[in-house]
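This report refers to the structure that appears directly beneath it.
We did not get these values from a lab; they are worked out from the coordinates using the rules stated. Since we're looking at a predicted model, the values are computed, not measured. Using ideal geometry, Cβ is built from the backbone for each residue, glycine included, and neighbour counts are taken over all protein chains shown.
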Amino acid sequence: MADAPNNKALHRFAVLTALTTLALIGLGGMVTSKGVGMAVPDWPTTYGQNMFLFPVGQWVGGILYEHSHRLLGSLVGLLTAIMACWFWGRHARGYAKWLGFGWVTLGLGLIGVRTQGAFVALASVSLLVVIFCAFKLRMAKEPIMWWAMLAYSLVLIQGTLGGLRVTQMKDEIGIIHGTIAQLFFLLICVLALVTSRFWKRVSEQDSVEVGGLRKLFLGVSLVILLQLVLGASMRHQHAGLAVPDFPLAYGKVWPKTDAKFIAKINRERMDPREFNEITAGDIHLHMTHRLVACSILGLVIWCCIAARKESKSPLLVKGADLWLGLICVQAILGASTIWSNKSAEIATLHVATGAICLVWGGLLTILAFRVSRVVRSDQPPGVVVNPEDRTNGVDPLLVSVPTF
Amino acid sequence: MKLFTKSLRAVDLVLVSRPLEYGNSQKTKREHMKNWLIAVAVMAAVASPLKAGDVTGKVSLEGDRPAELNLPLDPSCGAAFKKFNPGKKPKTRFYVSEKGGLGDVLVVINGIKGGKAPTKPHVIDQRGCEYLPYVSAAQLGQVIHVLNSDPALHNVHTQPREAGNAEKNLAQLPNGPAIKFDYQKAERFLKFKCDVHPWMYAYVSLVPHQYFAITKADGSFSVKDVPPGEYEIEAVHRKVHTGANYKGVKQKVKVSAAGGKADFTIKLQ
Ligand SMILES: [Cu+2]
């Protein structure tokens, strides 16, 4: 596809949206780390006032985090709306174009209504739009615009879930909210990647063999996603550290979880935050998170070895090495979260780095597809090969991205 | 009716020690009225637990209690705390203890019925970004009023465990009106918290009758007006007896018109 003159600007805008999303994840992580998710009891209002007019003087204590998280969320929503229109305007044709613009405008307009009912209705329609977009992705000539529209619909759902988590007082919604945040971040990063010059350059590289790398990267990324869900579940128990020591657990390789022991640790735990009591389930969850962390470390080391063995692509080798670096940082942050008795700042860094690890894995996976496509097709760059050949039994949604 | 008049006459005889001629004069009529009222009062007194006694005692703490931790107050809360508690440091209140006693222990008589219905609300206040009292108890049916004496904004967030008691989260502006909670299920140490200030907590136990007390810092308590009988009495501490239903230490207590005595020892290992 020819480079449109505003391609660079769109790429920069996507990068800006991605960075703002990362900041939003950090701030959202801070809200849960500080245990202040309920500091503003109402939504979409803030202490009965319009969110955007809530006086700065009252941004104190937990309200500071929760309220600024809501404001930054609105900003990400707005950026995503602009980005979706941008992609849409470039690629959509005919009535579809106006339908898309109409949807974005309707969404923004309904947000202006600022009642819970309007948001829930909007999120319900958004869910249908997400499904429709996912459906269109499979066959559309320009899947990128559907990805962008999917991102916009997802951000509407995400905002509504964040609000419902507060008004319905359900930690389960918090876990879903945290998980969708990671996937949304990945999606925005994919949009930023495929609009980059780098993305074009990659397809023009010399042929490389990737072997089973694509499936390996995809699989490991999915394990990281699982790990992020586990992490979100741990955080939303509001029980603090279920296991306070590392590398051992209560001085053992595997801790006891009988009722007497649980009663003892709850009795002895002193913390001004007065967390919820630790349960046996919390300890199991915590230990599972550690085990999965170990396996991710092993898997990413394997990715580094496999990248060297199975492909001659310096790009994938370098990407896998950096991934391993990120995972190591993440492991140290995880341990530090324990050693610092779950300091809010370190726990939040752990969340944000987790998101980056997932995104890196996701981007590396689609890069592996991109590189391999060029090789396997054995054709001039930019030419789309037979889709069945490309997919190689792996989710075609991911593969369809590179056709931009 | 005849019997009733007869008994009244008898009461008259006892109380005034002279027979009465009914309706003979205004004076005797008034006299009779007075005696009748006294009789009713006496009968009411016999029926009511006036002879009930107070169960008193002390909850002693055995073992070393861990040091309390500093509360991470923010500047505005720090100023409010100083105003309400001059010279005091904001600390956690896990193990309140003086003279070997253990404070904030719920002492409750189990399996007892009857007693008065509550008339007054149970009040807890937010002062200096702290809940006061930290641990308290209310009789089921007593409406819990949460006040805000602070110049700061709080949210009052309850976290009941008992099914049927609903979680609530409500905003409370500085010096705003009381927020009222009307919980219908008995529950021990129902948590009230503020998410604006994540160190602010209060625990209110909802007891299905009036026979309970919370120990003072020296561990002393007095369960008032317990009808004579033999009961099981339980002492529960929120932190020591943590777990599903907060099971405390129990013993038997005999209550007579003169009251009863029950001392507890709670061990910290
Ligand atoms: Cu508060």
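When the charge dipole of segment B:192-269 is built from unit charges on Cβ atoms (+1 for Lys and Arg, -1 for Asp and Glu) and taken about the Cα centre, the candidate among B:LEU268, B:PRO208, B:SER256 whose Cα reaches farthest toward its positive end is B:LEU268.
Evaluated with a Cβ-only charge set (Lys, Arg +1; Asp, Glu -1), segment A:8-154 carries a dipole of roughly 620 debye about its Cα centre, given to the nearest 20. When only the Cβ of Lys, Arg, Asp and Glu is charged (+1, +1, -1, -1), the dipole of the protein assembly as shown relative to its Cα centre reaches about 1160 debye. Near B:ASP125, the amide H atoms lying under 5 Å from its own belong to B:LEU132, B:LEU147; only residues 5 or more places off or on other chains count, and H is placed 1.01 Å from N. Once every DSSP H run of n ≥ 4 in the protein assembly as shown is given -39500 (n - 2.57) and the sum is divided by its residues, what mean residue ellipticity at 222 nm do you get, rounded to the nearest 500 deg cm²/dmol? One gets -17000 deg cm²/dmol as the mean residue ellipticity at 222 nm.
Evaluate the distance, in nm, between pseudo-label points positioned 7 Å from the Cα of B:LYS116 and of B:ASP54 along their respective Cα→Cβ axes. For B:LYS116 paired with B:ASP54, the spin-label model returns 1.4 nm. Stretching the chain fully between A:CYS294 and A:HIS238 yields a gain of 17.8 nm (0.36 nm per residue, less the alpha carbon separation).
Each residue of segment A:113-126 was assigned a 3J(HN,Hα) from its phi angle through the Karplus curve 6.51 cos²θ - 1.76 cosθ + 1.60 (θ = phi - 60°); the sequence is 5, 6, 10, 4, x, 4, 5, 5, 4, 4, 5, 5, 5, 4 Hz, with glycine and proline shown as x. Across segment B:132-149, rounded Karplus estimates of 3J(HN,Hα) from the backbone phi angles (6.51 cos²θ - 1.76 cosθ + 1.60, θ = phi - 60°) give 10, x, 6, 10, 8, 9, 9, 7, 4, x, 6, 6, 8, 9, 10, 9, 10, 8 Hz, Gly and Pro being marked x. Which residue, chosen from B:GLY243, A:LEU99, A:GLY211, occupies the Cα position most advanced towards the positive end of the dipole of the protein assembly as shown, where the dipole is computed from +1 (Lys, Arg) and -1 (Asp, Glu) charges on Cβ about the Cα centre? My answer, from the dipole projection, is B:GLY243.
Shielding by partners for peptide A:33-40, expressed as the average number of C-beta atoms from other protein chains within 10 Å of each residue's C-beta, is 5. Computed from label points 7 Å out along Cα-Cβ, the spacing between B:ASP64 and B:LEU132 is 3.2 nm.
For the pair B:GLN184 and A:SER203, a Förster radius of 51 Å applied to the C-beta separation gives a FRET efficiency near 0.15, rounded to the nearest 0.05.
Given the convex hull of the Cα atoms of chain A, what is a quarter of its surface area in nm²?
Answer in nm², one decimal: 20.8.
Calculated translational diffusion coefficient of segment A:154-309 (20 °C, 1.002 mPa s; Stokes-Einstein with Kirkwood radius over alpha-carbon pairs) equals 114 µm²/s.
Here the contact order of segment B:53-267, divided by its residue count and restricted to Cα pairs under 8 Å and six or more residues apart, works out to 31 percent.
Counting Lys and Arg as +1 and Asp and Glu as -1 over every other residue whose Cβ lies under 14 Å from the Cβ of B:GLN139, the net charge comes to +3. If you take the Cα centroid of segment A:277-333 and the Cα centroid of segment A:34-77, the two points sit 35 Å apart.
Measuring against 29 Å, Cα to Cα, the residue pairs A:LYS34/A:LYS264; B:LYS82/B:LYS224; B:LYS113/B:LYS191; A:LYS260/B:LYS120; A:LYS97/A:LYS200 contain B:LYS82/B:LYS224; A:LYS260/B:LYS120 as the ones spanning a longer distance. Summing charges over all other residues whose Cβ lies under 14 Å from the Cβ of B:GLY53, with Lys and Arg as +1 and Asp and Glu as -1, gives +1. For segment A:332-343, putting each phi into the Karplus relation 6.51 cos²θ - 1.76 cosθ + 1.60 with θ = phi - 60° gives couplings of 5, 5, x, 5, 5, 4, 6, 5, 8, 6, 6, 4 Hz, in residue order, rounded to whole numbers and with x for Gly and Pro. In this simple spin-label approximation, B:LYS83 and A:TYR250 carry label points 7 Å from Cα along the Cα→Cβ vector, and these lie 4.5 nm apart.
Output the relative contact order of segment A:1-204, whole-number percent, from Cα pairs under 8 angstrom with separation of 6+ residues. Show your work: numbers first, answer last.
Values: 202 pairs, mean separation 57.6, N = 204.
The normalised contact order for segment A:1-204 reaches 28 percent.
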